[in-house]
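Q: Let me begin by handing over the structure; questions about it come next.
Please treat every number below as a calculation from the coordinates, not as lab data. Source: prediction; values computed, not measured. All Cβ positions, even for glycine, are placed from backbone atoms using ideal geometry, and neighbour counts span all protein chains on display.
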Amino acid sequence: ERLKVWNVPQPGGKALIYFGGNAEDVAGSIDALSSELPEHSLYLVNYRGYGGSSGRPTEEGLLVGGRAVVDHVRARHSSVAVMGRSLGSGVAVYVASRRPANSLVLVTPFDSLVNVARGHLPHLPVGLLLRDRYESVRRTRDVASPVLAVMAQADEIIPEVRSSALVAAFPADQVSVAVVPGVGHNTLDRSPAYLGA
């Protein structure tokens, strides 16, 4: 498959790879990330089936694609930070558990997509129905980088308990948490405190 990746090059060895949320137009984050991180080359990934990338957006495909992007960026930069938002947090945790990352930023993350779905659909056997599971909580032990988890205080999609369960799976001295007040899952990036974190 072919992935379309938005690239904003900068001089120097620092890079940030951004894995967005479900069906997010990652190009919408270019300006904000460029202004906040002017010393980083940016790589914003369009998942399979979105934004000009070929293929279908299955969990396996997104993880394979994420690993390929990290390998591509690692060959060109000495310092690589990985950032994942919502669904992208599952991809980011996976790639950081398989490839070295200098830092890992997880925005509105979750421990397991199955657990999130169970919270929204308690009367359905979602554990049997979901193919794509994104079991990030099982991968935390293989992540060596420092981790920042950024949560939206009023997140209506990823409940705080799901983000906290993921955070708790990391050693306490490896992870820090920032909670952005007064915002929801899809309004988080409207707060100045988001990029400040």
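Q: Tell me whether the stretch 152-197 comes out rounded, prolate or oblate; compute the Cα gyration tensor, take square roots of the eigenvalues as a ≥ b ≥ c, and use a/c under 1.5 as the rounded threshold.
A: oblate
Q: Using Cα pairs under 8 angstrom and six or more residues apart, how large is the relative contact order of the chain, in percent?
A: After rounding, I find 18 percent.
Q: Another one. With a ≥ b ≥ c taken as the square roots of the eigenvalues of the C-alpha gyration tensor of the stretch 29-84, please select rounded if a/c is under 1.5 and otherwise prolate if a/b is larger than b/c or oblate if it is not?
A: Oblate, since a/c reaches 1.5 and b/c is not below a/b.
Q: Shape call for the stretch 89-190 from the C-alpha gyration tensor, a ≥ b ≥ c root eigenvalues: rounded (a/c under 1.5), prolate (a/b greater than b/c) or oblate?
A: Because a/c hits 1.5 or more and a/b fails to exceed b/c, the stretch 89-190 counts as oblate.
Q: Now for a different question. In sequence order, what are the phi-derived ³J(HN,Hα) couplings for the stretch 76-89 according to the Karplus relation 6.51 cos²θ - 1.76 cosθ + 1.60 with θ = phi - 60°, rounded to whole Hz, with x for glycine and proline?
A: 10, 9, 7, 10, 10, 9, 10, 10, x, 10, 6, 3, x, 5
Q: Please give the net charge around ARG85, taking every other residue with its beta carbon less than 15 angstrom from that of ARG85, where Lys and Arg add +1 and Asp and Glu add -1.
A: Cβ neighbours under 15 Å give a net charge of -3.
Q: A further question on this structure: What list of ³J(HN,Hα) values in whole Hz, one per residue of the stretch 154-166 in order, does the Karplus curve 6.51 cos²θ - 1.76 cosθ + 1.60 (θ = phi - 60°) give from phi, with Gly and Pro shown as x?
A: Values per residue, Gly and Pro as x: 10, 5, 9, 9, 10, x, 3, 5, 6, 5, 5, 5, 5 Hz.
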